[in-house]
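Down below is the structure, laid out as structure tokens.
We did not get these values from a lab; they are worked out from the coordinates using the rules stated. Because the structure is a prediction, the values reported are computed rather than measured. Every residue, glycine among them, receives a Cβ derived from its backbone with ideal geometry; neighbour counts consider all protein chains shown.
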């Protein structure tokens, strides 16, 4: 049943966003997060929404995929909305009953925060939908490589991430096998209270850990047999090269940032 | 250099860090073995006879306590030559899952050459060639966990070939595979030996695989008890049985038939040979 899982949430397509350099994509995502917090008016936010919509259109990832990625954060959005509406008391009172007072300012902020969170999630989803996990770890390695100056083992970290990704399906298969083996010996995983269920997992976890360690040992052997000696002197088959596409993307972001700043300054008085 | 791999009076024991050398049991003692370049050698033996240790001594994963192991004239105890030796002698292990490093087939094949610091363009060329030579080129964008055992093992072999080795050691690489996967791996290895002249050391306990080698070595308790062509080795049924091994099914059957008076020739190793011999009798 687990044989077909794919790690991460990569969506295979051939699009403009897919072809961008993963390093640029990571940097642009970070850039986006920064601007979204600079936004002060609804006009600048609207600009950001426009940017996200355009990016989605150019990524060829179906819109419902993004709705799916928003699902888990709905409680957080509702929670922030309620807190904002309840605690901001400035502005005109729109609704008042018992001790609760909802003001225009509160509603404004709640709406603002909601849009911020949604665009934030959608933007980072574009990154993970359009980039293979290994390319992401590769890009992180290359982006962080200046940290080598401070003796931080960037390559080792990236290698650990790649290996973790590589072994997720293997370990899932292993869990399945152990669970079946324990079931065949009469173990009960389905019934009982939560604590009993957790206790029932122990006979699965212990063999899993033992085998994970022996796998790690063998893997280390195999890696040193293939002349692995850390990041030094290592080359990569797949080179990351900037293309004119990356330039276009950066240019679009620069324009949007300029727009956001202009709107922040000149359209400040326009607000709900 | 006639002898590609040369074990000279090798003694080796697995030592714990705090253990004295004298208290550990020697896995192999005064061991001598010479393997010619381009040969296809099968090493047979019961569990714990030291055959995996021999494999590990071949590419400097383990260094002998006494004696020397030479690979293409290089001493494995020479630390400076470590990566030269490992590039020359590639190793394929038993469990294909535990030797694949990357999440995409072609990235995994590139791992070895990347470690050697080869130019990206050259790596690309080597990876494509290596994958084609094990007939896995069409799977280059696959994730390893979606492949069968035999396919994974071929990817692992491709990963070694991309490093342009002169010798490949397969340490029970077919033990976890189904019959089809075993056949795939065996054919690949045979082809590498014949077409590229790569020296093969094939450690196994399947007799029908050892039959395909040019030379068969049988080990027992860290010693070589039989050494020769498959025909010669599998003729020595008594010694094989004593070492806890079986003879190939076809050989056993023909021996039994001979005992009960059927006039078969000696040294029948495969079912096809047996068929032919029986056919000629009818």
Along each principal axis, Cα extent of chain A, largest first, Å: 67, 55, 38
Chain B: most fluctuating residue of B:78, B:171, B:107 per GNM, C-alpha cutoff 10 Å: B:78
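State, as an integer percentage, the relative contact order of chain B based on alpha-carbon contacts under 8 Å between residues 6 or more apart. Numbers along the way, then the final one.
Working: 520 pairs, mean separation 59.0, N = 282.
RCO, chain B: 21 percent.
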Among B:67, B:79, B:45, residue whose mean-square fluctuation peaks in a GNM of chain B (springs only between Cα atoms under 10 Å): B:79
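What FRET efficiency do you get for residue B:14 and residue A:206 if R0 is 22 Å and r is their Cβ-Cβ distance, rounded to the nearest 0.05? Present the calculation step by step, with values, prior to reporting the outcome.
Details: r = 26 Å, r/R0 = 1.18.
Result of the calculation: an efficiency of 0.25.
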Nearest 10 degrees, 0 to 90: helix A:22-38 Cα axis against chain A principal axis: 40
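Rg over Rh of the stretch B:3-227, using C-alpha atoms and the Kirkwood radius, what does it come to? Don't jump to the answer; show the numbers that get you there.
On the way: Rg = 17.3 Å, Rh = 17.9 Å.
That ratio equals 0.97.
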Distance in nm between pseudo-label sites at residue A:124 and residue B:46 (7 Å out along the Cβ direction from Cα): 6.0
Inverse mean reciprocal Cα-Cα distance (Kirkwood Rh) of the protein assembly as shown, Å: 28.3
Computed FRET value (nearest 0.05) for residue B:223 with residue B:255, which takes r as the C-beta separation and R₀ as 22 Å: 0.30
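Got a sec? How would B:7, A:58, B:196 order by Cβ neighbour count within 10 Å, fewest to most?
Lowest to highest Cβ neighbour count: B:196, A:58, B:7.
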Space enclosed by the convex hull of the alpha-carbon atoms of the stretch A:151-225, per residue, Å³: 123
Rounded to 5, the percent of DSSP beta bridges in the stretch B:3-227 classed as antiparallel: 50
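Sort B:31, A:43, A:150 so that the residue with the fewest other Cβ atoms within 10 Å of its own Cβ comes first and the one with the most comes last.
Numbers: B:31 25, A:43 18, A:150 7.
Ascending number of Cβ neighbours within 10 Å: A:150, A:43, B:31.
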Helix axis angle, A:42-59 relative to chain A longest principal axis, alpha carbon, degrees: 40
Separation of the residue A:189 and residue B:175 label points, Cα + 7 Å toward Cβ, nm: 2.8
For B:137-147, mean number of other protein chain Cβ atoms within 10 Å: 2
Whole-angstrom gap from the stretch A:246-260 to the stretch B:238-282, using each part's C-alpha centre: 79
Gaussian network model of chain A, Cα within-10 Å springs - most flexible of A:209, A:97, A:32: A:97
Relative frequency of Cα-Cα separations exceeding 22 Å in the stretch A:202-272, percent: 66
Spatial separation of Cα centroids for the stretch A:21-84 and the stretch B:53-105, in angstrom: 51
Using alpha-carbon coordinates, inclination of helix A:244-266 to the longest axis of chain A, degrees: 40
Pair residue B:267, residue A:98: separation of 7 Å Cα→Cβ label points (nm): 9.8
Those residues of the stretch A:12-36 whose amide nitrogen sits under 19 Å from the label point placed on residue A:244, 7 Å along Cα→Cβ: A:15-21
